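This report concerns only the one structure given below.
The values are calculated or read from the model by the stated rules, or taken from the named source; none is laboratory data. All figures in this text were calculated on a predicted structure; none of them were measured in a lab. Cβ placement follows ideal geometry from the backbone for every residue including glycine, while neighbour counts extend to all protein chains displayed.
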Amino acid sequence: MSSSPAAGERGRRRFVAAAPALAALVALVLAGGLAAAGAEAGWYGPRGEAALIVAAGAVCATLAGLATGIRRARRAAAGPAARAEPDRHTQAETILRHTPTAFFVKGVDGRYQMASAAFERAQGIPVGTAAGRLDREVYSPERLAGIAHRDRLVVAADG
C-alpha cells in the first residue's frame, strides 16, 4: 500500500497537533506509576497517592493546553499567507506527482528545486529524487554542454 506525499504531510500535521495531548497522557501514566511506587515504599498513604495523581493530571492538562494555545497563537499571528503555505505546498506536490508533462525548476546554483514525476521518469531517476540534484547527476556527459549553454541563456535573459 503506497501513500501519497500529501497524505503523509496531513498525517504528520495530525501527529504534531496531537503531540501535546499524547505527551500529557504518557506523563500522567508515568506519574501514576511513580505515585503507586511511592505508596508501596511507605512514603505516603492512599490519600497522598490520590492527591499526587490528581495534581499530576492537573499539571499535564495545563501544559498540554498551554502548548496547544501557543501553537494556535503562533499560527494566528503568522497571518493568512503563512497559514495557507502548507496547503499550497501540498497542492504543488500533487501537481508535480500527477501531471503528465515533464517540467522542472532550477535555482541559480544549477540545482533542481522541483521536478515533475514525468520529468524524473523520462530521465530514468526515481520519482521524488530530482530536487537538490545537479545536471551532471541527471544527464549523460554528452548532453551536459548543450544544457549548460541553454542555462546560461536563461540566466542572461532579461525578465
### Query
Among Ala117, Ala131, Ala122, which is of a type outside the set (S, T, N, Q), touching a residue at least 12 places away in the same chain (Cβ under 8 Å) and in contact with a His (Cβ under 9 Å, 6 or more places away or on another chain)?
Ala117
### Summary
Residue hits (segment 104-122; more than 21 Å from Arg152 (Cα to Cα), surrounded by fewer than 16 Cβ atoms within 10 Å (Cβ to Cβ) and not aliphatic (A, V, I, L, M)) are Arg121
### Task
Could you check, for segment 49-62, whether at least one of its residues is in a helix (DSSP H, G or I), modelled with pLDDT of 75 or more and not hydrophobic (A, V, I, L, M, F, W, C)?
yes
### Every residue from segment 127-159 that is outside any helix (DSSP H, G or I) and surrounded by 10 or more Cβ atoms within 10 Å (Cβ to Cβ)
Val127, Gly128, Thr129, Ala130, Ala131, Gly132, Arg133, Leu134, Val138, Tyr139
